[in-house]
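The values are calculated or read from the model by the stated rules, or taken from the named source; none is laboratory data. Here the structure is a predicted model, which means the values were calculated and not measured. As a convention, Cβ positions derive from the backbone with ideal geometry for all residues, glycine included, and neighbour counts pool all protein chains shown.
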Amino acid sequence: MFEVDAALHPFEVSDLGGAALFDVIADSRDSETRAGRRKVRLAYQLCVTNPAGPGIEPATWGDGLPGMAGDYDATLGGEGTPLVARFVVEDWGAANRTSRGAAKQFLANTLDLHHRLPRAHARVEALELDAWKALALAEETHDLSSEAARWIDNLLHERGGTYSFNAIAKAVKLGVAKFHPEKLEDDNGLPGRDDWDVSVDHAQGAEGTSTLEAIGSSLDLAKFGDLVSDEAATMGRLGDTDTLGQRKAKALGVIADRQASLDLLGVLDQDPPVNPETGEPVTPRKSYLRARLFVHLSLADLATMCAGSATIPADGTESPRGPLGSGDAVRPGSENPVGVVESNLFGPAATHLIAGYLKQLGADARVTPVIDTTKVWAVDVHDPPQAMRDQVTERDRHCVHPYCGRSSKTCDLDHIVPFDDTGPSGQTNPENLAPLCRRHHVLKTHGGWRYQRNRDGTYTWANQHGRSWLVTDSGTVELTQEP
């Protein structure tokens, strides 16, 4: 079997092996991605150069056959797409040696991708997304409104650009529930019990703002909605001048903190207070909030910001201010008074918002010693202590394998130079540790891949075929191979 490579050099597939085979596979991947983009571009060009208009019937799913009403009269593209001439479908089908049905579907998906899914389309153009995945998304959203399709497009983009079938299905389900509840399969037009959930997304809003989504019993949500509205009305009567919508949003926190206080009243009559179920001591809490906050700003800024809300003891021990459980990280040498908080709850937030969070939490706030991500130290055991783990995962925010974006908080810490029980002391140290997700940890250990940490904090990886990659904070670069 003869093929040609990217440079149009012929080769025999059966003669390939090792690094040469890997090179051709990589070239084939790139060629396929570019070919998919090229096909979408050509299909769209065919559509826009053959528009429907006066005297030119539009292409429809029913081919304009008499008596074929309803969906059969629907034009190819979804809501918001331009009309195309009827026989363009046959032109495309003939040129691609495919059926009319397949031609209709491809052209419809292409129109939807260009006009209803701009972010997915931009990723296809940038070769960041395979065209077939984008077209699958277009097909799944075809029957939805243009607004719903755009919302789903934004949701997938903002969730990291993951377009797996599972991610698409979940996003479409949320979009249908939000914009077209009548399309859900349940007889009562509501999401089924399998869809019930409450989720908070800290990546959807601007700084200091998150979104809450709840799908559940209509009765339960109606009762909670009334409770929130009543609380907001009370806040207005007490002098809160914010809008009703803003007061309703703030009411969620008021209700949660009030419930924390009410829960505590049931155990305060005991001395010391104990949990009635476990019998363990109970620490009085003002809030249900539990979070690990990693604050990136100078130590002086942090001390100034926290004045009056929480303190940093001079000896570096934890401040006994309450049970929040934070671990605050400071980038050494920072003189920027605008800090950034990275949290599993809040996402990015500026210094004034951090101060506001601490003031609201009061005695429930606790600031722990800062994490110096350049600290040089070592231990003589295999498993690093929590402080060392925090240092490494703050330094490297994700798995350091090429193209992997898994958060380092959920990764294993790998010894770059494997740990030797009979080796020298100090093998477990930050410079010899890096976060790898479990899959890539196994790959490094058993799959023939190797890597090193460079002096500038980047990582160089190589596989068994001699291909290599450079992993940086801003992404992965495939390195040019020597001839």
**Request:** With respect to Asp194, determine if the residue is part of a helix (DSSP H, G or I), modelled with pLDDT under 90 and among the charged types (D, E, K, R).
**Result:** yes
**Request:** Looking only at the stretch 211-223, count how many residues are outside any strand (DSSP E or B) and either closer than 17 Å to Ile255 by Cα or touching a Leu at 6+ places or on another chain (Cβ under 8 Å) (or both).
**Result:** 5
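Inside the stretch 91-138, can you point out the residues that are on the phi > 0 side of the Ramachandran plot and touching a Lys or Arg at 6+ places or on another chain (Cβ under 9 Å)?
Our first condition is that a residue be on the phi > 0 side of the Ramachandran plot; within the stretch 91-138, this holds for 97, 127.
Selection gives Leu127 alone.
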**Request:** Run Asp91 past the list (1) under 15 Å from Ala43 (Cβ atoms); (2) at pLDDT 95 or above; (3) surrounded by fewer than 20 Cβ atoms within 10 Å (Cβ to Cβ) and report the number of the one that doesn't hold.
**Result:** (2)
**Asked** So which residues in the stretch 449-481 are under 21 Å from Val376 (Cα atoms) and small (Gly, Ala, Ser)?
**Response** Gly457
**Request:** Find all pairs meeting these conditions: Cβ atoms under 8 angstrom apart; at least six residues apart or on different chains; first residue within the stretch 159-175 and loosely packed, with under 11 Cβ neighbours inside 10 Å; second residue part of a loop (DSSP other than H, G, I, E, B).
**Result:** Gly160/Gly405
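Working carefully through the options Asp257, Asp226, Asp242, find the one that is surrounded by fewer than 13 Cβ atoms within 10 Å (Cβ to Cβ) and either over 23 Å from Trp196 (Cα atoms) or not assigned by TED's automatic domain parsing to the domain that holds Ala177 (or both). Please lay out each step first, then the result.
Numbers: Asp257 fails: surrounded by fewer than 13 Cβ atoms within 10 Å (Cβ to Cβ); Asp242 fails: surrounded by fewer than 13 Cβ atoms within 10 Å (Cβ to Cβ).
Exactly one residue qualifies, and that residue is Asp226.
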**Prompt:** How about the stretch 37-65: which of its residues are modelled with pLDDT of 90 or more and of a type in the set (Ser, Thr, Tyr)?
**Reply:** Tyr44, Thr49
**Message:** Of everything in the stretch 22-36, what is surrounded by 16 or more Cβ atoms within 10 Å (Cβ to Cβ) and at pLDDT 85 or above? Give them in sequence order.
**Reply:** Thr33, Gly36
**Asked** Looking only at residues in the stretch 245-254 that are surrounded by 11 or more Cβ atoms within 10 Å (Cβ to Cβ) and at pLDDT 90 or above, which one is nearest to Trp196 (Cα to Cα)?
**Response** Leu252
**Fill in**
Selection over the stretch 369-404 where residues are of a type in the set (D, E, K, R) and under 14 Å from Asn432 (Cα atoms) yields a count of 6
**Prompt:** What pairs can you find where one residue is in the stretch 440-458 and in contact (Cβ under 8 Å) with a residue 60 or more places away in the chain, the other is not in a helix (DSSP H, G or I), and their Cβ atoms are less than 9 Å apart, with a gap of 6+ or different chains?
**Reply:** Gly457/Asp396; Gly457/Thr472; Gly457/Asp473
**Lone qualifier among Leu212, Leu155 - being under 30 Å from Arg406 (Cα atoms), modelled with pLDDT of 85 or more and assigned by TED's automatic domain parsing to the domain that holds Glu79** = Leu155
**Message:** Being surrounded by 20 or more Cβ atoms within 10 Å (Cβ to Cβ) and at pLDDT 95 or above: is that true of Ala138 here?
**Reply:** yes
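Scan the stretch 401-409 and give yes if some residue there is more than 27 Å from the chain's Cα centre (by Cα) and outside the structural domain of Ile25 (by TED's automatic domain parsing), otherwise no.
Just the residues of the stretch 401-409 that are more than 27 Å from the chain's Cα centre (by Cα), to begin with: none.
No: the stretch 401-409 contains no residue that is more than 27 Å from the chain's Cα centre (by Cα) and outside the structural domain of Ile25 (by TED's automatic domain parsing).
Can you work out which of the residues in the stretch 400-419 that are in a loop (DSSP other than H, G, I, E, B) and closer than 22 Å to Ala387 by Cα is modelled with the lowest pLDDT? Outline the logic, then answer.
Restricting attention to the stretch 400-419, the residues satisfying the condition of being in a loop (DSSP other than H, G, I, E, B) are 400-406, 411, 416-419.
Among the residues that remain, those that are also closer than 22 Å to Ala387 by Cα are: 400, 406, 411, 416-419.
Working: Val400: 94, Arg406: 85, Cys411: 92, Ile416: 96, Val417: 95, Pro418: 94, Phe419: 95.
Per the criteria, the residue is Arg406.
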